[in-house]
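Just below is one structure, and these are the notes that go with it.
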Amino acid sequence: METWVFDMDETIVSSTLPYYFQHDFGAEPYNPVAFNAWVEKGEALVLPESHKLYVTLLFLKIKIVFLQGRSESQRQVTEANLRMAGHIKCEKLILK
C-alpha cells in the first residue's frame, strides 16, 4: 500500500504563525521555553488546502504518516492538536 508523508508544521497545521503573531512576528529573539509553552496549548491551526489533500488521500486508501520535530514528551498534545484540526487518522506520528 502507498504511503504519504507530511511534515506537520506549516504543512498540515500552522504552528509558527499564531506563535509569532503573539511575539512581534519574529522581532523578538526566539524563546524555546515560550514556544514550547505555546505548543502545550495545542492550538496549531489547520491549513485548509493541506487538509483537503489529507482527506483525498484517505479516500484513496493511502496511508498517512506525520513527521514532527517536537519531542516525544509532547506526543499527547500533538495527537490532540491533530484531532482538533480534523486529522484523526494516520498510520504513524514520528517525533524526535
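Please specify each residue of region 10-44 satisfying the condition of being of a type in the set (Val, Ile, Thr) and assigned to a helix (DSSP H, G or I). Matches in region 10-44: 16, 33, 39. Contact map, region 34-53: residues that are in contact (Cβ under 8 Å) with a residue 40 or more places away in the chain paired with residues that are of a type in the set (Val, Ile, Thr) and assigned to a helix (DSSP H, G or I), Cβ distance under 6 Å, separation 6+ or inter-chain. Pairs shown: 42/77.
Selection of first residues in region 1-30 that are farther than 15 Å from residue 70 by Cβ and of second residues that are of a type in the set (Ser, Thr, Tyr), restricted to Cβ pairs under 6 Å at least 6 apart or on distinct chains, gives the following pairs, ordered by first then second residue: 26/20.
Determine whether residue 69 is within 25 Å of residue 2 (Cα to Cα), among the small types (Gly, Ala, Ser) and either assigned to a loop (DSSP other than H, G, I, E, B) or over 12 Å from the mean Cα position of the chain (by Cα) (or both). Spelling it out, residue 69 is indeed within 25 Å of residue 2 (Cα to Cα), among the small types (Gly, Ala, Ser) and either assigned to a loop (DSSP other than H, G, I, E, B) or over 12 Å from the mean Cα position of the chain (by Cα) (or both). Out of 14, 50, one residue alone is surrounded by 16 or more Cβ atoms within 10 Å (Cβ to Cβ) and under 10 Å from the mean Cα position of the chain (by Cα). It is 14.
Where a number appears in this text, it was derived from the coordinates with a stated rule and is not lab data. Not measured: the values here are computed from a predicted model. Reconstructed Cβ throughout: ideal geometry from the backbone, glycine too, with neighbour counts over all protein chains shown.
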